[in-house]
Amino acid sequence: MSKWVWLNGQLVEREKAAISVFDHGILYGDGVFEGIRFYDRKVFKLDEHINRLFNSAKIIMLDIPYSKDEIKKAILLCCRESGLSDGYIRPVVTRGAGALGLAPWRCSNPSMFIIVDTLQLYPKEFYDNGMPIVTVATRRNIPEALNPMIKSLNYLNNIMAKIEAKNAGAEEAIMLNNDGYVAECTGDNIFIIRNNFIYTPPVSAGSLPGITMGAVVQLAADMGVKTVEKLFTRAEMYISDECFLTGTAAEVVPVIQIDGRVIGDGKPGVLTRKLVAAFHDYARKSGAPIE
Ligand code: PMP
């Protein structure tokens, strides 16, 4: 755990880092964020995450009051000051404090903070033996209402799905879009493998363009395996040879059961295991050095 939080341009002690109760990030979930990892003192895919943060902000017409370079420097500083060699970075930009009422133009100064901490999303057992997951009733937000490609502070849609998964005894939920096609999980992208092809839903199905996803697609291509973006249903998942999830916090997690149906032979598949290992190595080799 880092002692420091970067808040509006300054390092502040963790316990003293506070933002206004009038901040529209709190009142209305009006803001955007990123989740980034650093491994062996190197920040993984820093440029990609900063670009996505700025894209999310652009879509919601939020002007981030720092340049990309300034934010990158602040992130590297936070990592150094944390004293950690591996960790999780959470930059958040909110609309800032304003009057009650939705109007974002009544918030004059966006707030930004960066937290560095340690994190383990799933128990190690899932990486070794695979994870059982379930489809839930809560549908992923329709892109015409709140586009899932925006990484916004409105995660209630995903939280509702996560609660449903927990109630059903699973750690992660598969969310369908309003047409009944698989979209993504609450904090991860989803992939199935059939006949040595990898399939994942297109972002237009209602998912976040995952940065881990991009890395895994490239690693699979390096192994000679093609990833196809395609809509698929629950039934197609049930009869897949392998299934796995990707995300910054989760990395690559094998899935061995979906809605009670055993996937493959009930153990992490051969290609999935190769991708778990390849991603683990790649993530520790590449990245922006924190000093
Ligand atoms: N989907 C959702 C809803 C997410 O919140 C995330 C990030 N946690 C992902 C997918 C995976 O994206 P990334 O690989 O960029 O972390």
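Just so it is clear, none of the values below were taken in a lab; they were calculated from the coordinates. Being a predicted model, the structure only gives us computed values, none of them experimental. Positions of Cβ are generated from backbone atoms using ideal geometry, with glycine treated the same way; all protein chains shown enter the neighbour counts.
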Overall dimensions of the chain by Cα: Rg and Dmax, Å: 19.2, 57
For region 211-280, take N as its residue count and report Rg(C-alpha) divided by 2.2 N^0.38 Å. 1.09
From the cross-link list Lys58/Lys230; Lys16/Lys151; Lys42/Lys73, which pairs have alpha carbons spaced over 18 Å apart? Lys58/Lys230; Lys16/Lys151
Using the crude model of +1 on Lys and Arg Cβ and -1 on Asp and Glu Cβ, and no other charge, please compute the dipole size for region 93-168 relative to its Cα centre, in debye to 20. 260
Taking the Cα centre as origin and putting +1 on Lys and Arg beta-carbons and -1 on Asp and Glu beta-carbons, what dipole magnitude results for region 90-238, to the nearest 20 debye? 400
Between Gln10 and Leu156, what length in nm is gained on full extension when 0.36 nm per residue of separation is reduced by their alpha carbon distance? 49.6 nm
Residue of Arg41, Arg139, Arg194 that the Gaussian network model of the chain assigns the largest fluctuation, springs spanning Cα pairs under 10 Å: Arg194
For the pair Gln218 and Ala137, what calculated FRET efficiency results from E = 1/(1 + (r/R0)^6), where r is the Cβ-Cβ distance and R0 = 30 Å, to the nearest 0.05? 0.30
Take region 124-285, compute every pairwise Cα distance, and split them into 5 Å bins from 0; I just need the percent in each bin. 2, 10, 20, 24, 22, 14, 7, 1, 0
Work from the charge dipole of region 4-117 (Cβ charges, +1 for Lys and Arg, -1 for Asp and Glu, about the Cα centre) and give the residue of Ile64, Pro91, Asn51 farthest towards its positive end. Asn51
Which angle between 0 and 90 degrees, to the nearest 10, do you get for helix 46-59 versus the longest principal axis of the chain when only C-alpha atoms count? 70
Karplus couplings for region 272-285 from phi (6.51 cos²θ - 1.76 cosθ + 1.60, θ = phi - 60°), rounded to Hz, Gly and Pro as x? 4, 4, 5, 6, 4, 5, 5, 5, 4, 5, 4, 4, 7, 8
In deg cm²/dmol, rounded to the nearest 500, the helical mean residue ellipticity at 222 nm of the chain, built from -39500 (n - 2.57) for every DSSP H run of length 4 or more, is -8500 deg cm²/dmol
Quick check: the angle from helix 211-222's long axis to the longest principal axis of the chain, C-alpha only, nearest 10 degrees? 40
Average the reciprocal distances over every distinct pair of alpha-carbons in region 4-117, invert the result, and give the Kirkwood radius in Å. 14.4
